[in-house]
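S.K.: Structure incoming, see below.
The numbers here are math on the coordinates, done by the rules we state, and not lab data. Note that the structure is predicted; figures quoted are calculated from it, not measured. Because the Cβ atoms are built from the backbone with ideal geometry, glycine has one as well, and the counts that use them run over all protein chains shown.
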Amino acid sequence: MAHKFPWRLVSFRLEKEGPETAHVGIWEGDRMIDLSAALVASGRPRPEGMRQLLEWYAAEDFVPWMTDTVRKGATTYPIDQAILLAPITNPRMFYDFLGFEQHVRQIRARRGTTVPELWYKRPAYYIGSVAPDKLFGPGAVTIPNFVEKSDYECELALVIGKAGQFTVAAEAAKFIQQHCFFTLCNDWSARDYQKLDMELGLGVSHSKTIIGTSFGPALVHASQFRFNADGCPDLTLQVVVNGMARGEANYQSAYWDFAKILAFLGREKIGVFPGDIIGSGTIGNGCIAEFAAKVVDGKEVEPARFPWLQSGDKVTLTADGIGTLANTVQIIRHQT
């Protein structure tokens, strides 16, 4: 599907509805167009979530149907009556990579180490939680009070709109531009538990499931962005904490970009499917851990520049053409 896809796809619920109710729709100006209702009106089943819409997106009649739905005037709601959810409330898989060299280098420097040569040869990633209670959209993010070192991570996310498997980056880049979407991702981290996980040798997956991940505010099709010759979108990401800028980077500075990542997965016999989410990894200066206390041989040689997250902290991610993902931290008492 090579044509333009100008609509910003969202998941939302109305203020009068319970948290279990979700609509898929289009965010257009100051209104939400209810695609869930439009699908039912056209004789199709109501989608369980955005993943089902993306599975249908690959069909040839999807864009004409969308165009006709918007033109005819589907059911709409004022934006102030809608509560934005994670764009995909039911993703299939979440693969989160380490794509930015600056982030990896600065994290390791705080521990007195360097980037291993293997990182430049093979991208590192983990498979994240897709549990409903661990997926956040804009708004409050709850963190259990037993986490003492909670952190944000500013990332770009690629959302797959059609099944595919690639071994060549150029083919993957073309696929991304024709069939995929972008959104923002905040991959919240429990750094104290991450340290324990790394000592056990099984990676960071457990610590990443303690808090969860935020996505949003919308899915924007790749056709809405400019790409360089290597297939990287021209997208600047920024992170602001409590009104103070912390980090900024253009996605084109990624060492492991999405096209290279999809080619790597394909060579490992891993295909991607509608509703899969690929995390870019944290941009340089995109988390607190890059400014944490520097420890060498067990001794602190440089103090931390920023404290770990506290209740009430507001973390805001922005990206050109995508918008703003703003989250407020709520530390909650853990129920045993």
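S.K.: Pop the C-beta distance of residue 305 and residue 75 into the FRET formula with R0 = 51 Å and round what comes out to the nearest 0.05. Numbers along the way, then the final one.
M.R.: Numbers: r = 49 Å, r/R0 = 0.96.
Result of the calculation: an efficiency of 0.55.
S.K.: Would you please name the trypsin sites (Lys or Arg not before Pro) within the stretch 1-42 that are DSSP coil residues with at most 13 other C-beta atoms within 10 Å of their C-beta? Don't skip to the answer; put the middle values down first.
M.R.: Working: sites: 4, 8, 13, 16, 31; in loops: 4, 16.
Loop-located and lightly packed - 4, 16.
S.K.: Can you list residues whose amide H is under 5 Å from residue 166's amide H, if they're 5+ apart or on another chain and H is modeled 1.01 Å from N?
M.R.: The answer is 266.
S.K.: Between residue 297 and residue 117, what length in nm is gained on full extension when 0.36 nm per residue of separation is reduced by their alpha carbon distance?
M.R.: Between residue 297 and residue 117, full extension yields 62.6 nm more.
S.K.: State which stretch of the chain is the longest one without any exposed GluC sites (Glu not before Pro), exposure meaning a DSSP loop state and at most 11 other Cβ atoms within 10 Å.
M.R.: On the way: sites that count: 15, 20, 60, 148, 268.
By the stated rule (loop sites, at most 11 other Cβ atoms within 10 Å), 149-267.
S.K.: Here's something else I'd like to know. Over 18 Å between Cα atoms: which of 208/299; 149/294; 121/162 fall into that group?
M.R.: Values: 208/299 27 Å; 149/294 15 Å; 121/162 27 Å.
In this structure, 208/299; 121/162 exceed 18 Å between Cα atoms.
S.K.: Could you name the aspartates and glutamates whose alpha carbon sits less than 17 Å from that of residue 260, not counting residues in the same chain fewer than 8 places away?
M.R.: Reachable aspartates and glutamates: 96, 101, 155, 171, 230, 234, 268, 276.
S.K.: Taking every DSSP beta bridge that has both residues in the chain, what percent is antiparallel when rounded to the nearest 5?
M.R.: Working: 59 of 70 bridges.
Roughly 85 percent of the beta bridges in the chain run antiparallel, per DSSP.
S.K.: Tell me the Rg and the Dmax, in Å, that the Cα atoms of the chain produce.
M.R.: Both quantities, over Cα of the chain: 19.9, 67 Å.
S.K.: Let me ask something else. Can you give the calculated 222 nm mean residue ellipticity of the chain, where each DSSP H run of n ≥ 4 adds -39,500 (n - 2.57) and the sum is split over every residue, rounded to the nearest 500 deg cm²/dmol?
M.R.: Only helices count here, giving -6000 deg cm²/dmol.
S.K.: Turning to a different aspect of this structure: Taking the number of other C-beta atoms within 10 Å as the exposure measure, put 42, 223, 205 in order starting with the fewest.
M.R.: 42, 205, 223
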